[in-house]
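**Student:** My structure is below; once you've seen it, I'll send some questions.
The values are calculated or read from the model by the stated rules, or taken from the named source; none is laboratory data. All values reported here derive from a predicted model rather than from experimental measurement. Note: ideal-geometry Cβ built from the backbone for every residue, glycine included; neighbour counts use all protein chains shown.
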Amino acid sequence: MSLSVDIRKNFGAFTLDVAFGAGNETLGFLGASGCGKSLTLRCIAGIETPDEGRIVVNGQVFYDSEAGVSLTPQQRKTALLFQNYMLFPNLTVAENIGAGIGREVGEEERARIISAELERFGLRGFGQRYPAQLSGGQQQRVALARMLAARPGILMLDEPFSALDAHLKGVLEQNLVSLFEAFEGTILYVSHDIDESLRFCDRIAVVDAGRIMEVDTGDELVNHPQSVAGLKLSGCKNATVAERAGEHAVYLPRWGVTVHTAEVVPADVKCLGVRAFYVERVEGPGKNCYHVRVDRTSDSRFERTALLGFLDRAGAAEAAVLPDDNEMSYLHQHLFWRVSKRVDDVLPQVGDELWVRIPSDKVYLVSR
């Protein structure tokens, strides 16, 4: 099983320009809304037509602009699961599952396939019900069963959990485990959630502004991000513009401080990142130690996040005043610090002045 994509499509203010390959694996597409993740899947499925390029699935050419090949969605036999599942409301569960099975399949084999998928997804006894009579979780299982029943050459899922609450999402994720275990081939999985991508995907492609910035395993993306987009999407709260200030030092203009790094600083460095939970409280001055003030705090169940303003930077007093029309500029001047409520006895409070350290071996440096 294999997939090869190299396509471009101009939407005016936005251009999709992606090239990647995948084998017998689950490849995730991670990115913010509107970055081109779903458009890529729609081009593969034949719902959108690229301006140029080539798409090949399991040796079959789906699209080739130079050769004049552009198969219809029906000819491509792909399975694309949308966010809302798109079940046919006038068809029963059994009829929905059988909707994607080709006409060349005989009635006896069709019935066998439908029965097998009903059993696989715990829908035995629901075959004659209609979508409106099902819960959200049951509707999702019907949509997944329909995907497998069609025996597609490739599976594609477009943010299947985006409209679900956290509890239901956790339960329904197990449905995908059944789907992935039953399918041998390429699976493309679109998400904007790094944890979701890590759970399901063998590799993750970071998509930003219509382009793939990097493709790697989840561990590599989290521990060694290679792009600003990858850094932010991996959950790093502190990502700030960096300028090379030496072989092992960068100057951060938005924070007004210099940070020393364990790794050699690339000549074309663009950004430094440090995770909020790596920031440490210290007693006073030292290497990578900074005098800060707690300007804001916010609490979750087990953690407190503090927004720290650098007191030794030029214009520190002015930075503490919230601009009425530039909230993002204000946030960019601050360091996010995450503190565990279960470990720390003294939690930071608004107005506190203290010292923190950024460990030199815990920073990320990216150049694209």
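**Student:** When residues of region 2-31 are filtered for being more than 18 Å from LEU157 (Cβ to Cβ) and not hydroxyl-bearing (Ser, Thr, Tyr), how many remain?
**Tutor:** Summing the residues that are more than 18 Å from LEU157 (Cβ to Cβ) and not hydroxyl-bearing (Ser, Thr, Tyr) in region 2-31 gives 13.
**Student:** Has region 341-355 got any residue that is within 18 Å of ALA239 (Cβ to Cβ), part of a strand (DSSP E or B) and modelled with pLDDT of 95 or more?
**Tutor:** Within region 341-355 (the criterion being within 18 Å of ALA239 (Cβ to Cβ), part of a strand (DSSP E or B) and modelled with pLDDT of 95 or more), the answer is no, since none of the residues qualifies.
**Student:** If we scan region 229-244, do we find a residue that is part of a strand (DSSP E or B) and in contact with a Ser or Thr (Cβ under 8 Å, 6 or more places away or on another chain)?
**Tutor:** no
**Student:** In region 245-263, how many residues are touching a Phe, Trp or Tyr at 6+ places or on another chain (Cβ under 7 Å) and part of a strand (DSSP E or B)?
**Tutor:** 3
**Student:** Looking at this structure, is VAL363 at pLDDT 95 or above and either under 30 Å from the mean Cα position of the chain (by Cα) or among the aliphatic types (A, V, I, L, M) (or both)?
**Tutor:** Against the criterion (at pLDDT 95 or above and either under 30 Å from the mean Cα position of the chain (by Cα) or among the aliphatic types (A, V, I, L, M) (or both)), VAL363 qualifies.
**Student:** Next question. Taking ARG244 as meeting all but one of (1) assigned by TED's automatic domain parsing to the domain that holds GLY185; (2) surrounded by fewer than 18 Cβ atoms within 10 Å (Cβ to Cβ), write down the number of the exception.
**Tutor:** It fails just one condition, (1).
**Student:** OK, next. Pick from region 263-290 the residues that are crowded, with 18+ Cβ neighbours inside 10 Å and more than 27 Å from the chain's Cα centre (by Cα): which of them is farthest from PRO225 (Cα to Cα)?
**Tutor:** TYR290
**Student:** Please count how many residues of region 134-152 are within 21 Å of GLY102 (Cα to Cα) and assigned to a helix (DSSP H, G or I).
**Tutor:** Final tally of qualifying residues: 9.
**Student:** Return the total of residues in region 259-289 being free of Cβ contacts under 8 Å to residues at least 24 places away in the same chain and over 15 Å from LYS362 (Cα atoms).
**Tutor:** Number of matching residues: 1.
**Student:** A follow-up question, please. Scan region 47-106 residue by residue and report those that are among the charged types (D, E, K, R) and either surrounded by 15 or more Cβ atoms within 10 Å (Cβ to Cβ) or more than 17 Å from PRO152 (Cα to Cα) (or both).
**Tutor:** GLU48, ASP51, GLU52, ARG54, ASP64, GLU66, ARG76, LYS77, GLU95
**Student:** For residues that are of a type in the set (Val, Ile, Thr) and in a helix (DSSP H, G or I), scanning just region 206-228, find the one that is modelled with the lowest pLDDT.
**Tutor:** By that ranking, first place goes to VAL222.
**Student:** Being of a type in the set (D, E, K, R), free of Cβ contacts under 8 Å to residues at least 40 places away in the same chain and surrounded by fewer than 20 Cβ atoms within 10 Å (Cβ to Cβ) is the filter here, so list the residues in region 196-213 that pass it.
**Tutor:** Of all residues in region 196-213, those of a type in the set (D, E, K, R) come to 196, 199, 202-203, 208, 211.
Next, only the ones that are free of Cβ contacts under 8 Å to residues at least 40 places away in the same chain stay: 196, 199.
Across region 196-213, the qualifying residue is only ARG199.
**Student:** So, one more: Consider ALA316 against the criteria (1) surrounded by fewer than 15 Cβ atoms within 10 Å (Cβ to Cβ); (2) modelled with pLDDT under 85; (3) more than 29 Å from SER234 (Cβ to Cβ): it satisfies all of them except one. Which criterion is unmet?
**Tutor:** With (1) surrounded by fewer than 15 Cβ atoms within 10 Å (Cβ to Cβ); (2) modelled with pLDDT under 85; (3) more than 29 Å from SER234 (Cβ to Cβ) applied to ALA316, the lone miss is (1).
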